[in-house]
Amino acid sequence: MSTLLQDLRFGLRMLAKAPLVSSVAALSLALGIAANAGMFAVLNGFLFEPLPFEDQEGLVIVGERRRGATDDGSGLVSMGNFRDYEAGAPSLVGATAYTQAVANLTGFDVPERLNLVVGTPNLFEVLGVVPALGRGFRPEDGAPGANVVVLDHGFWERKFLGDPGALGRPMTLDGESFTVVGVLPEEFDMIPANVDAFRVDDFRDRREERVERAYISFGRLAPGATPERVRQELEGVFARAAAEHPDANADWEVRVRAAREFFPGPTDTRLVKVLTAVTLFGLLIACANVANLLLSRAEERQAEVAVRTAMGASRGRILRQLLTESVTLGVVAGVVGVALAVFLVRWIQGAMPPELPRAFFPELDPVVLLVSLLVAVLAGVVFGLVPALHAVRGDLRDSLGGGSRGGTAGRARKRLRSAFVVAEVAVALGLLAGAAFMVEAFEAMTGADPGFRQDGLLTFSLTAPDDRYPTDPALARYQEELVASLGAVPGVQGVALMSSLPRSQANPTLQYAVAGREPPAGRELPRASHQAVNGDYFRTLEIDLVQGRTFDARDREGGQRVAIVSRAFADREFPGEDPLARTLAFQDEEWLVVGVVEDAVQDRIPLQGDRGEAIYTSASQTPLRSPSFAVRTTGEPTSLAARVREAIWAVNPDQPVALLRTLDAHVAESLAGPRAISVFLSGMAAIALLLSGMGIYGVMAHSVAQQHREIGIRMALGANRGTVLGMVTRNGLGLAGAGMLLGLPLAWIMYQSVASTLNFFEGGVGLRYAAAVTLALAAVAALATFVPARRASAVAPAAAVRE
C-alpha cells in the first residue's frame, strides 16, 4: 500500500510538472467520458431500466394490426375483441384495457383541463399498482353513476397540496361529480405519463364495438405461462371473432408481445444504439489523442527512465509507475467527465417528451457512475500501457548519452504515433459522417418550409363539456360564438379553428376513396391528413388558395358536404385533371371538392411518402369536441393572453383553456427531441474535429521538434523554406489522407445504420452535410499540419548546426 501511495504521489507531481500536456489529455478524455456517461444514462433508461409496473416480466401487451403491416408495434384493440380475449385466454390471470381522455375540471378558482386514463376496474390489479393513499378500483365502480377517480401523485400534490383529506372529496369533471377514492404512489408512471387522474368504466355500452380500435391492453401471465402460449390462444380467439365479424376484423391479426419488448419501440431502440455508437467513436478519438500525448511525454522522459534504471529500478517497477500516472490521469478525467455529464443529462431530460415515463429518463445512478469511472480507468490503462512500454524499452546508453539520432526505437515510436493519428482521423470521419447523416435527416424533417406563416400566432386548446353542448348543432353554435368573441379582441387579425395544431404529434388522418374509381384490390385505401377547420383558417395561417374557394356560410350542417384539398393531394389523385367538383368518399359520406390550397406541413415529422396530402372539411359541418385555436395578432402574441382568456370565459365562464402559448413555442416543444439530437450530434462532431486537429498538430509539432537538427542541416546545405514547408506538410497530410481513406468504410457503415433507422422519413439520409464535414476534417488536418510546418521552415540553420 505504501508503494502504491508513493507511486500515486509521484505520479501527481509528474502530471503537475507538465500542466499543459496533462490538462489537454485530461480534458480530451473528460469530453469523451462525459458524452458516453450521458449516452449510457439514456441507454440504461431506455433499454435496461424496468417499466414503472410491478413484475413487468409477467406482463404482455395485446394488440391488433393490419396483416402484412411492416411496423413492429402491437397496436390497439377494439373493446369487443378485448372482451373475447379476456374470456378466451386461460394463460392470462387478468387483462385490462384503457384509453386516454380529457375532462374539464371546474369548482376551483380556475377551470382546468385534465388528462385522464379511463380503464377497466381491474386496471391497477393487472398492472400491479397499490395506491399510496386510499384504495384502487372495485368491480362495482365501473357501473354507471359510481363516479369515482384515483389521482396521480403529482396532480394530488399540485392541486390538493398533498392533503390526505382529499380522499372522499368531490371533483366536478365535465359537469358530473366524482369522488376521490385513492392517490397513486409517487414513483408510479402510467404509459403515457402525463396523466392527472384515472377513471373507471366497465364499457358495457362498447362491448359490441369491434371497428374502433382505441384501447391499450395489458395481460398478466398465469404462473408458468409464456407470451408465446398466450399468442397461440389468442390467435384462435381472433380467428373465431374474424369469422363472426368479418367486416370489422378482415385483414387484421392479433399481436402479443412481452411488455418490455414493446416499450420503447424498435425505432427508438435503433436510434439510441446509433447515438451510442457515435459517442463511443468520440471516446476512441479522445483516447487516441491521450495516447499520443502520453507517448510524446514518455519520449521526453527517456533520460529520467534511463537514470532510474541505471540506479537499480527494474523495468517492471518503472512500468507500474508510468501506468499509475496514466490511470490517475484517467480517474481525474473521469471525475471531470462525470461532472460535465451532470449538465448533459439534465439537458437531455429537458428534451424528453412529457408523455414518456420517468423510468425512461436518463439518470446518473450508481450503475451509470460506476461504468463511467470504469471506462475512465480502463482508458487510462489501455491507452497508457503502450506509451509506458515504449518508455521502458528505450536504449539505456543512448538515453544517458543524450546523443540518440533516432534509431530503431525512435522510428518505432514515430510509426506508433502516426498509427494513432491515422486511426484517430479514420474514426473521426466515421463519427462525423454518422453525425452529419443524422443531422441532415433531422434538419430535413424539422427545418422544411411549413407552408404557413408560423410567427405572430397565439394558440390554445379546449374541450367543450358534453353536459352543456350535447349535440353537434350546439357544438357548432358554441364554436361560432367563440370565434366571434375572440375576433372582437383588440389586436386580433384572424381566428383559426382546427382539429389540431400543425406540427403536433398524432395529427388526425383518414382513409378515403375517389367516387367513381375502383378501390385498389388487396390494398388499403389511401390515407391523407385531415383537418376540420373554420372559414378563416386559411387566411389566418396565410395558406394560399390555388383554385376554387374556401369555406363560407353555405357550408353548414344540412347542406352539401364539401371538402378542400391540398395541391399535393390534387396532384396525386387528379394529375392533369380539374379536381373541382370531384367527389371523395370518407366517414360514410360523400364530399364535394370545392377548393385547392397550397401544401402545409401538418404532422410533427412527415413520414416517408407524405408530401403534404391533406383533406380539409368545414368545422360547421363536422363540429369539434376538442378543437385547437390559432389567433393572429398585430403585436407580441403573449401580450393578448389575458384578453383571450376573458373572451373565452365571456362565452362560458367554466371553460378551461389549455396550452395557451405561441405557435412558435408549440412547434419548438414538439420538435425538441429531434433538435436536441441534432445539437448533441453537432457537439460531438465539433469535439471530434477539435480532437483530431489536436492529434495531428501534436504529432507534427513533436516530429518537427525531433527533426530540428535535421531541418537545420538541410537548410544549411541549401534547402529553402518552401522545400522544408512542403516536406513537413506532405507528411502531415499523408497521415490525414490515409486516415480518411481508412475511414470511408466506417462512414459507409454509419450511413447504412442511419438510413435503416430513419428509413420512415421522407428524403431518407443525404450526403450534403457528410461532404461538408469531410471537407472540414481535411481543412482542420491541413491547418494542424501547416502550423508546425511553418515553424519548421523558420528554423535558423546556424543555430541548429551549433546544437
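The values are calculated or read from the model by the stated rules, or taken from the named source; none is laboratory data. What you see is a predicted model, and the numbers here were worked out from it, not measured in a lab. Because the Cβ atoms are built from the backbone with ideal geometry, glycine has one as well, and the counts that use them run over all protein chains shown. In case anyone asks, the SASA skips ligands and DNA or RNA and just uses the protein heavy atoms, side chains included. Shrake-Rupley method; radii C 1.70, N 1.55, O 1.52, S 1.80 Å.
Our coupling estimate for the stretch 584-597, obtained by passing each phi through the Karplus curve with A = 6.51, B = -1.76, C = 1.60 and θ = phi - 60°, is 10, 10, 7, 6, 6, 9, 9, 10, 8, 6, 10, x, 10, 10 Hz, Gly and Pro reported as x. Here's how it looks for Phe137: its modeled amide H is under 5 Å from those of Phe124, which are all 5 or more places away or on a different chain. Only Cα sites of the stretch 442-516 enter the Debye sum here, all with the same form factor; the resulting log10 I(q)/I(0) across q = 0.19 1/Å is -1.06, listed in q order.
Amide H contacts of Gly94: Arg220, each under 5 Å away and 5 or more positions distant or on a separate chain (H built 1.01 Å from N in the peptide plane; Pro and chain starts excluded). Based on protein heavy atoms only, the stretch 492-650 ends up with 44 Å² per residue of surface accessible to a 1.4 Å probe. Between Ala250 and Ala87, the simple label model (points 7 Å from Cα in the Cβ direction) yields a spacing of 2.5 nm. A Förster radius of 45 Å, combined with the Cβ-Cβ distance separating Ala771 from Glu57, puts the computed FRET efficiency at roughly 0.40. Expressed as a fraction of 2.2 N^0.38 Å, the C-alpha radius of gyration for the stretch 147-194 is 1.13. Each part gets one Cα centre, and for the stretch 73-109 versus the stretch 671-685 those centres are 36 Å apart. As a ratio to 2.2 N^0.38 Å, the alpha-carbon radius of gyration for the stretch 94-136 is 1.45.
Where the accessible area of the stretch 131-203 is counted over protein heavy atoms with a 1.4 Å probe, how much of it, in %, is carbon and sulfur? Carbon with sulfur: 48 percent of the solvent-accessible area. Split the accessible area of the stretch 546-591 by element, probe 1.4 Å, and carbon with sulfur accounts for 43%.
Using +1 at the C-beta of Lys and Arg and -1 at the C-beta of Asp and Glu, which of Pro131, Ala89, Gly107 has the Cα lying farthest in the positive direction of the dipole of the stretch 35-186? Working it through, the farthest residue towards the positive pole turns out to be Gly107. I'd like the distance separating the alpha-carbon centroids of the stretch 151-197 and the stretch 433-492, in whole Å. After rounding, the separation between the Cα centres reads 29 Å.
Computed extension length for Arg138-Leu744: 211.9 nm, one decimal, from 0.36 nm per residue of separation with the Cα-Cα distance subtracted.
Kirkwood hydrodynamic radius computed over the stretch 618-691 comes to 16.0 Å, based on all pairs of distinct alpha carbons. Note on exposure: Arg113, Arg320, Arg730 ranked by accessible area (1.4 Å probe, complete protein assembly) read Arg730, Arg320, Arg113, with the most exposed listed first. Once the chain from Gln752 to Val211 is taken as fully extended at 0.36 nm per residue, the excess over their C-alpha distance is 190.9 nm. 3J(HN,Hα) couplings calculated from phi for the stretch 475-491 with the Karplus curve 6.51 cos²θ - 1.76 cosθ + 1.60 (θ = phi - 60°) are, in sequence order, 4, 4, 5, 4, 4, 5, 5, 5, 4, 5, 5, 5, x, 7, 5, x, x Hz; Gly and Pro show x. What the phi angles of the stretch 668-685 give under the Karplus curve with 6.51, -1.76 and 1.60, with θ = phi - 60°, is a coupling list of 4, 5, 5, 9, 4, x, x, 5, 5, 5, 4, 5, 4, 5, 5, x, 4, 5 Hz, glycine and proline written as x. For Tyr215, the residues whose amide H sits under 5 Å from its own are Val77, ignoring neighbours fewer than 5 places away on the same chain, with H placed 1.01 Å from N.
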